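Remarks on the structure that follows.
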Amino acid sequence: MKNRTRLLIHMLVLILSLVTTSSVFAESIISEEEEQAPVYFDISKLDQKYIKAAEQAVKEHSNGKAFHLEKAVKDECTYGDKIECLYIVSKNFDAVISLDIKSAKVVDISLSFSQNDISNYLSKHAVVIDEQLKVLAPTQFNIQKVHYLKDFINKEEFFSFYEMNSNEYVMLDVATNKLKSYYLVYNVKEMDSQYTKAAQQAIKQLTLKQPQPFNQVILNKYVNGTEFWNFQTIKPFEEEYDLSIDVADQIVGYEAQSVHINAKNGKVLYAGILTEGLYDTSQNKVLTKAKAIAQAKPIVKNVLGVDISSYTASFNKDLQSLRFYKKGATAITVYFNYFSKVDTVHFEY
């Protein structure tokens, strides 16, 4: 599985290259794995049946765009039953084809397209995206990159459309012609005042200081269907790690405050703050399970609207966290900072 993990890291770098104008994030991920990088070999060493299968898959799904497959790596891939896969990829990973080694059948294919490739290709899908974006009405979204993924085992097919200037994307499920997932940026001033107020009140439960104003809102939809507004306070990185340039309408930096508001009912799903200061491991010894529960109970009630009196609690001393659960209810997690104060509370979703 190690090689598969490393390959996925390289695939993640490809995705990051689609959604960020800076390569710093991708490079930092690669640097951590440099010593354990997967061992690729030239595809000329492969049996022709694998090369032909990969090239045929590319031909059928690339709409004429040329992808030059150059290297391969063997590894395990899991789709219910364990099978060993052969990954054939292009030099820059804009094409990744997974094949079952035993049968030489394609397991999945991943292709990336630039803005120049989009004009004729995917036009019918682009129309659907435009219609749904009119309803969602993000501050700004112009399709500039497209990532295609087809899973032959689970019979799933997706197109992800990216706005390069703001890291936004929408994922279209080809089978349903509906958006499966998205990440869209909004101006705080455009938000429903009730949602903004709810987010502010949640942060007030986590700090004695005056909450910082939110300066960005993200509308997230996960592939599991969970949809929420993420009210953020983004603070710029320190100068020596300066990535704090504004990218269109999205602010780049680190998340100092965050509140997730359920997009369907306006209830808080998550609230968290980043505690700044020096880490003192001796503080870990101060917090006991009883003290943690006593502190967490009113905060969970005020932030998430849940009375945890009837919940079972488990305490992780090393992680400084509590988990509340009971049959038929969504579990709740609470984290404490190194001053033994609650800094994050959320439903598990």
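Here each label is just a point 7 Å from Cα along the line to Cβ, and for residue 68 and residue 189 those points are 4.9 nm apart. Starting from the Cα of residue 215, move 7 Å in the Cα-to-Cβ direction to define the label point; list residues of region 181-200 whose amide nitrogen is under 16 Å from there. So the set is 186-189.
Translational diffusion coefficient of region 280-349 (Stokes-Einstein, Kirkwood radius from Cα pairs, 4 °C, 1.567 mPa s): 107 µm²/s. Around residue 140, which amide H atoms from residues at least 5 apart in sequence, or from another chain, sit under 5 Å from its own amide H, with H modelled in the peptide plane? Those lying under 5 Å, H to H, from residue 140 are 185. Spin-label model, residue 175 to residue 102: label points 7 Å out along the Cα-to-beta-carbon direction sit 2.4 nm apart.
The length gained by stretching the chain between residue 127 and residue 144 to full extension, at 0.36 nm per residue less their Cα-Cα distance, is 4.7 nm. Amide H contacts of residue 168: 163, each under 5 Å away and 5 or more positions distant or on a separate chain (H built 1.01 Å from N in the peptide plane; Pro and chain starts excluded).
Solvent exposure of residue 310, expressed as accessible area, is near 70 Å², computed with a probe of 1.4 Å over the protein chains only.
At a Förster distance of 45 Å, what's the computed FRET efficiency of residue 56 paired with residue 224, Cβ-Cβ distance as r, to 0.05? Show your work: numbers first, answer last.
On the way: r = 33 Å, r/R0 = 0.74.
In this case the efficiency is close to 0.85.
Note on residue 155 and residue 326: their simple-model spin labels are 4.2 nm apart, each label 7 Å out from Cα toward Cβ. Proximity of backbone amide H atoms, modeled 1.01 Å from N, is registered between residue 145 and 162, 164 at under 5 Å, excluding neighbours fewer than 5 places apart on the same chain.
So if the hydrodynamic radius of region 38-109 is defined as the Kirkwood radius over C-alpha pairs, what does Stokes-Einstein give as its diffusion coefficient at 20 °C and 1.002 mPa s, in µm² per second? Kindly include the intermediate steps, with their values, before the conclusion.
Values: Rh = 12.2 Å.
For these conditions, the coefficient is 176 µm²/s.
The values are calculated or read from the model by the stated rules, or taken from the named source; none is laboratory data. Treat the numbers as computed from the prediction; the structure is a model and nothing was measured. Positions of Cβ are backbone-derived with ideal geometry, glycine not excepted, and every protein chain shown enters the neighbour counts. The accessibility values were calculated without ligands, DNA or RNA, using every heavy atom of the protein model including side chains. Shrake-Rupley method; radii C 1.70, N 1.55, O 1.52, S 1.80 Å.
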